[in-house]
Amino acid sequence: MVWILMLFHMLIKYVSSTCDVTAQEIQADSSLRFLTSTGYNEGSGSYINNMDCWWRIDSGGDDLKLLLFLTRDLACPGDKISIYDGDSSTATPLVSDLCGTSATPTHYSTTQRHAYIRLVTDASVSRAGIKLEFLAAKDYSGTGCTGSQTLIAGDNSNLLSSPNFPGLYTNAKTCRWLITSLVGNVDLDIVFSDIEDDLPSRCDYDKYTINDGNDRCENNVVRTVCSQYPKVTPFTFTSSGSSVVVFFVSDSSVNRRGFLLKYKSNATYTTTTVTQTTESSSSQATSSSVEKSNKDPNTCMDARMVIGIVFGSLVVVIFSVIVVVFMILRFHNLQKTIKPKD
């Protein structure tokens with residue numbers, strides 16, 4: 001009888017500490033990946049009772065941080081998740097003993113290379129669980145926010161990000177990057193987008209744009225993004241020429257995580273191709289479609305050029321009117337001078 005009780009106690013102890021995950025040590029990279037609790041099934045499943053699970057995510061470098069997006073559905077108060085800014089539960093918590101349901105993913109970022117995640121469930125109510133999306137990155141904005149920066153696209157992919165990535169971008173920023181390929185055109189792979197929400201038809205607050213060419217104007221805008229993650233899914237773009245302009249602007253209020261993209265040279269010249277999504281007001285990412293741009297980047301005419309042309313034309317018209325008036329007056333005076341006396 002005693003042996004039976006001891007065996008039963010061992011089984012209970014084993015179950016309460018079991019976590020059914022395939023990998024607890026996880027290596028992150030610059031691609032957006034995710035982990036879920038057992039049975040999550042994209043939010044329609046349920047987790048196991050009496051779990052004690054942990055994951056340790058490594059960015060892969062001391063200069064790289066982790067960007068995390070947590071979607072949760074946990075029964076309070078017994079089921080909870082904690083995320084630590086470090087490689088163990090002794091590190092500073094980014095969030096501690098969090099339960100309940102999140103309608104949209106909540107974003108966090110570490111200050112160093114590791115994140116430690118612990119999920120605990122009790123013996124009662126089970127819900128869907130957690131989904132944690134993550135990537136490793138740093139601030140790749142360079143000098144593009146202090147002045148226009150030219151980047152050379154090569155055979156290997158390089159990274160470009162909004163300022164302070166993967167942390168929150170700063171207020172009142174205006175950034176411009178010209179990406180140029182010395183051979184062929186430019187391939188862009190937009191990995192991640194998280195911008196202050198606005199109507200895609202307006203984009204009056206924060207936004208970033210992709211322009212097909214070596215200048216910014218309305219005619220060559222390929223894509224304007226002003227929606228928070230995950231409303232915009234990753235998309236790709238191939239320029240029609242040898243250059244692309246990426247432009248980012250933020251206002252003085254709400255801040256989010258910004259964007260991360262990869263760029264490289266494509267020696268095979270192709271027509272402009274955009275793999276893009278339609279942004280919606282829902283919190284779910286929309287499906288992708290492929291479009292070809294019929295815009296000619298060589299016919300770019302921005303507001304400064306238009307103002308210059310209008311102003312120059314106005315000056316010419318005014319000068320011409322003055323000349324004509326002057327000639328009429330002079331002719332009139334000349335007639336009075338040569339008029340014969342009676």
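Side notes on the structure shown:
- Tally of residues being touching a residue at least 40 places away in the same chain (Cβ under 8 Å) and surrounded by fewer than 17 Cβ atoms within 10 Å (Cβ to Cβ) across region 86-108: 2
- Filtering Tyr263, Tyr229 for residues that are crowded, with 21+ Cβ neighbours inside 10 Å and over 16 Å from Leu160 (Cβ atoms) leaves a single hit, Tyr229.
- Flag if Asn156 is part of a loop (DSSP other than H, G, I, E, B) and either of a type in the set (D, E, K, R) or surrounded by fewer than 18 Cβ atoms within 10 Å (Cβ to Cβ) (or both): yes
- Test: residue in region 159-170 that is among the hydrophobic types (A, V, I, L, M, F, W, C), more than 24 Å from Pro105 (Cα to Cα) and surrounded by 23 or more Cβ atoms within 10 Å (Cβ to Cβ): no
- Residue within region 109-131 that is free of Cβ contacts under 8 Å to residues at least 40 places away in the same chain and under 21 Å from Asp62 (Cα atoms) present: no
- Test result for Val246, touching a residue at least 24 places away in the same chain (Cβ under 8 Å) and touching a Pro at 6+ places or on another chain (Cβ under 6 Å): no
- Hey, Ser82 surrounded by 15 or more Cβ atoms within 10 Å (Cβ to Cβ), under 12 Å from Arg118 (Cα atoms), modelled with pLDDT of 95 or more and among the polar types (S, T, N, Q) or not: yes
- Count of region 159-175 residues which are touching a strand residue (DSSP E or B) at 6+ places or on another chain (Cβ under 6 Å) and either closer than 17 Å to Asn211 by Cα or of a type in the set (S, T, N, Q) (or both): 5
- Look at region 74-85: where a residue is within 15 Å of Lys131 (Cβ to Cβ) and a partner is among the basic types (Lys, Arg) and not in a strand (DSSP E or B), sitting 6+ places away or on another chain with Cβ atoms under 7 Å, you get Leu74/Arg127.
- Residue match in region 226-244 (condition: in contact with a Lys or Arg (Cβ under 7 Å, 6 or more places away or on another chain) and aliphatic (A, V, I, L, M)): no
Listed here are the residues, each with its yes/no results for (1) surrounded by fewer than 18 Cβ atoms within 10 Å (Cβ to Cβ); (2) under 22 Å from Asn266 (Cα atoms).
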| position | (1), (2) |
| --- | --- |
| Ala172 | yes, no |
| Leu182 | yes, yes |
| Val186 | no, yes |
| Phe192 | no, yes |
| Asn214 | no, yes |
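The values are calculated or read from the model by the stated rules, or taken from the named source; none is laboratory data. All values derive from a computational prediction rather than experimental measurement. For neighbour counting, all protein chains shown are included, and Cβ atoms are generated from backbone atoms with ideal geometry for every residue, glycine included.
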